[in-house]
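A.B. asks: This structure is in structure tokens; I'll ask about it shortly.
The values are calculated or read from the model by the stated rules, or taken from the named source; none is laboratory data. The structure displayed is predicted, hence computed values, not measured ones. Counting neighbours? That spans all protein chains shown, and the Cβs are built from the backbone with ideal geometry, glycine included. Just the protein is used for accessible areas: all its heavy atoms, side chains included, with ligands, DNA and RNA removed. Shrake-Rupley method; radii C 1.70, N 1.55, O 1.52, S 1.80 Å.
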Number of protein chains: 2
Amino acid sequence: MNLESSPLITALQASGHRITRQRRVVLEVLEESREHLDAESLYWKARQRAPRISLATVYRTVAVLKQMGLIAEYSLGEEHGHFEAVPETPHYHFTCLGCGRVVEFDAPQVDRAVQELAERENLEIRAVQFSLTGYCARCRAGGPDGR
Amino acid sequence: MNLESSPLITALQASGHRITRQRRVVLEVLEESREHLDAESLYWKARQRAPRISLATVYRTVAVLKQMGLIAEYSLGEEHGHFEAVPETPHYHFTCLGCGRVVEFDAPQVDRAVQELAERENLEIRAVQFSLTGYCARCRAGGPDGR
DNA sequence: TTGTAAATGAGAATCATTCGCAAAAAACAA
DNA sequence: TTGTTTTTTGCGAATGATTCTCATTTACAA
């Protein structure tokens, strides 16, 4: 069994949390995934490696990680949350109301604006939520979904 | 009884929706309020003028308005949504995790970034969600709530 | 005024998320 | 190792926000 420490594991451990099989698995899934997973899919993927894990544990784990700033939660236009390991460089999301596709983009101007605001108002920013919804080029043109 | 048409009423009517007493009241409350109301408080305020209105109708009304782009829904760090009539000039929110205060601010840089992105990628942007959470100056200094 | 499609009220249903508690597992000390 | 302590887990029940169902009412065009 792999006992290497991933960045997330190391950080968790350093903050005094216990490293359980369940947490290890959830973190692995989060690190390996390139998509934005919601709690349910995180749960099903985790179950492949830790069959007895419960949905509550998934929620508890992401809550801890979120509080530590290691992962971010997004709404992405749906009614339930999606999670993602916090990336090196911040990026944001556009969700198409037509086809549901999620496109990531970066926006240095926004990063700068946040930093300036924080300095000017003396704020400690913990999370930035910047997401756009609308219709993508394909759907505007009367795409596959025939909006 | 006031039969004048507010901007929201006019827009609703123009789009082919019926103007009911309940909708009129919900719209009035939304227009008069300077705060970000959640469905529950919208419901209680509306009941003062239309005592038999139901919570479901409040939800249905904001759903229609939201879809028409007349009001915006925000998370504001809580688990339920908050609503606000869409303002002339866009503005955004900072929610303090310490004292819960919500501060509005504008960010022309962000507006510009959105516009540029939309043009470059040929997107039709319907909603912009930009909100920050963290600790305000007062709470960082060990404010009233004693974080 | 009347006919009809749209909107409402009431409560049940749904869905995501959290809670409570006894049992299991980690961390730590001996 | 082994025992002790404390955290975490699993399970199912509870919660809270939002949506749905459906019989009844209402707006509004003719």
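A.B. asks: Could you look through region A:92-147, keep only residues that are of a type in the set (Phe, Trp, Tyr) and under 24 Å from B:Gln67 (Cα atoms), and pick out the one that is most open to solvent (accessible area, probe 1.4 Å)? Show your work before the answer.
C.D. replies: Just the residues of region A:92-147 that are of a type in the set (Phe, Trp, Tyr), to begin with: A:92, A:94, A:105, A:130, A:135.
Pick out the ones that are also under 24 Å from B:Gln67 (Cα atoms) and you get A:92, A:94, A:130, A:135.
On the way: A:Tyr92: 11, A:Phe94: 5, A:Phe130: 10, A:Tyr135: 36 Å².
Ranking the qualifying residues of region A:92-147, first place goes to A:Tyr135.
A.B. asks: Identify, from the list A:Gln67, A:Gln115, A:Gln109, the residue that is more than 13 Å from DNA strand D (Cβ to nearest atom), closer than 26 Å to B:Cys99 by Cα and within 13 Å of chain B (Cβ to nearest Cβ).
C.D. replies: Numbers: A:Gln67 fails: more than 13 Å from DNA strand D (Cβ to nearest atom); A:Gln109 fails: closer than 26 Å to B:Cys99 by Cα.
Going through A:Gln67, A:Gln115, A:Gln109 in turn, the sole match is A:Gln115.
A.B. asks: If you don't mind, another one. Please return the ranges of strands (runs of 3 or more DSSP E) entirely within region A:35-147 where 1 or more residues are farther than 30 Å from A:Ile19 by Cβ. Walk me through how you get there before you give the answer.
C.D. replies: Details: elements: A:71-74, A:82-85, A:92-96, A:102-105, A:124-135.
Because the criterion is at least 1 residues that are farther than 30 Å from A:Ile19 by Cβ, the strands (runs of 3 or more DSSP E) in region A:35-147 that meet it are A:92-96, A:102-105, A:124-135.
A.B. asks: All but one of (1) more than 14 Å from every other protein chain (Cβ to nearest Cβ); (2) open to solvent by less than 60 Å² (accessible area, probe 1.4 Å) hold for B:Arg34, so report the exception by its number.
C.D. replies: Only one criterion is unmet by B:Arg34, namely (2).
A.B. asks: Now for a separate question. When you go through A:Ile53, A:Ile71 one by one, which is the residue that is touching a residue at least 12 places away in the same chain (Cβ under 8 Å), open to solvent by less than 50 Å² (accessible area, probe 1.4 Å) and in contact with an Asp or Glu (Cβ under 8 Å, 6 or more places away or on another chain)? Outline the logic, then answer.
C.D. replies: Numbers: A:Ile53 fails: in contact with an Asp or Glu (Cβ under 8 Å, 6 or more places away or on another chain).
Checking each option against the conditions leaves just A:Ile71.
A.B. asks: Among (1) within 14 Å of DNA strand D (Cβ to nearest atom); (2) buried (at least 17 other Cβ atoms within 10 Å of the Cβ), there is one condition B:Arg21 misses while meeting the rest; what is its number?
C.D. replies: Here B:Arg21 clears every test but (2).
A.B. asks: Taking A:Ala72 as meeting all but one of (1) within 24 Å of A:Gln13 (Cβ to Cβ); (2) more than 7 Å from chain B (Cβ to nearest Cβ); (3) of a type in the set (A, V, I, L, M, F, W, C); (4) out of contact with any helix residue (DSSP H, G or I) (no Cβ under 8 Å at 6 or more places or on another chain), write down the number of the exception.
C.D. replies: (4) is the only condition that A:Ala72 fails.
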